[in-house]
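Derivation of every value follows stated rules applied to the coordinates shown; laboratory data play no part. Computed from a prediction, not measured in an experiment: that's the story for all the values here. Ideal geometry is used to build each Cβ from the backbone, glycine not excepted, and the neighbour counts take in all protein chains shown.
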Amino acid sequence: MKKVLIISCIVIVALSSVVLVDQWMNVSDNDSKNFTIKFNPKLSGEFNKAVDIALADLEVREKVEALEKRFGNISATVISESDGTVEVRFTPDFNPHGERKEELYGILCVIDMETKKVVKIEEFNIPPISLPTPPQNSLQAPKLRLYLNNDKEEFVQGEEIRIFLENIGNETIILPNPAPWEVIVLPMIDAEIESRLHCSPEESVYAKFPKIYPDMYNISNALIYKPKVEQTAVLIHPNETLTWTWDQRLNDGSLLKPGHYQVVLKGLDVKCVEQTIFYALPKR
């Protein structure tokens, strides 16, 4: 008996509750190719059964086994649909925020919970993720530090965000304008939106982006906010800190929607330590 660790088994019930658990999937090497999954006892038995039903299907078992042999650890996602069906998705375990050159794929199974039968099986692609190439001066010592309120990483919608830029080098630096920073959107998958932001994908910033596969969005045009300032150069001297306060209002006056964001410097050929990743949570 060999074991395949499911790093996170995610169960979403009617897009209203999300449970993350660490589980083991047991795959036997005998001819019957039996699959069993141990679930947290707190999870709904109906959704525990959904994975069992999927793995009881010979075609699904063979595809999951091939997926595990090719990529190693896998994870399972169970989603309840309003029409009485349940989707079970098997994907390789990977970091959705890290660079990945290899194209992956996953297996989608649709189950009719009334008949307890798999009614649809298909594969879907998970495209590679490319990160920006670091500038040539990336090996130099950092000269600036950009950070938020006491390095805070969660803000409720409308809460003021204070942005600090500190010159930690020993040279005066010329900034291209009085506020050389922007706010960009960072990637999230649907399950993360539910569990971390406590809202549905439709209520988040990701609703404006097209999907590149069932759980991830194409955020290639990730700029969400840029301060409107005159393009006048500003000096920042050693040990000096500049401060800005942002009320999460965008250029059109609307409020920043729930999401995963980062404040980044723009227009500077200087290495900077950026500690500016944050989550915007819905205002309740």
Sorted by mean Cβ packing within 10 Å, highest first, what order do the peptides 177-183, 99-105 take? 177-183, 99-105
Rg to Rh, two decimals, where the range 136-281 supplies the alpha carbon set and Rh follows Kirkwood: 1.00
Cross-link partners of Lys116 among aspartates and glutamates (Cα-Cα below 12 Å; sequence separation of 8 or more within a chain): Glu46, Asp52, Asp57
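Mind putting a number on the dipole of the range 136-281 about its Cα centre? Charges go on the C-beta only, +1 for Lys and Arg and -1 for Asp and Glu, and I need it in Debye to the nearest 20.
Once rounded to the nearest 20, the dipole reads 340 debye.
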Rounded to the nearest Å, the spacing of the alpha-carbon centers of the range 51-118 and the range 159-216 is 30
So which of Lys101/Lys211; Lys69/Lys117; Lys63/Lys257; Lys101/Lys266; Lys120/Lys257 end up more than 30 Å apart, counting from Cα to Cα? Lys63/Lys257; Lys120/Lys257
Place a label point 7 angstrom from the Cα of Asn177 along the Cα-to-Cβ direction, then list the residues of the range 265-280 whose backbone nitrogen is under 14 Å away. 265-268
The range 196-284: relative contact order from alpha carbon pairs under 8 Å, six or more residues apart, as a whole percent, is 33
Along Cα→Cβ, 7 Å out, is where each label goes; now give me the distance between the ones at Asp57 and Glu202 in nm to one decimal. 2.6
Given contacts defined as C-alpha pairs under 8 Å and at least six residues apart, what's the relative contact order of the range 136-281, whole-number percent? 42
Residue separation between Asn150 and Asp112 times 0.36 nm, minus their alpha-carbon distance, gives in nm 8.7 nm
Given backbone amide H placed at 1.01 Å from N, residues whose amide H is under 5 Å from that of Ser75, ignoring those fewer than 5 places away on the same chain, are Thr91, Asp93
Which value in nm describes the separation of the simple spin-label points at Val234 and Ser254, placed 7 Å from the Cα toward the beta carbon? 2.7
Can you compute the modelled spin-label distance between Asn73 and Lys211, with each label point 7 Å from Cα toward Cβ, in nm? 2.5
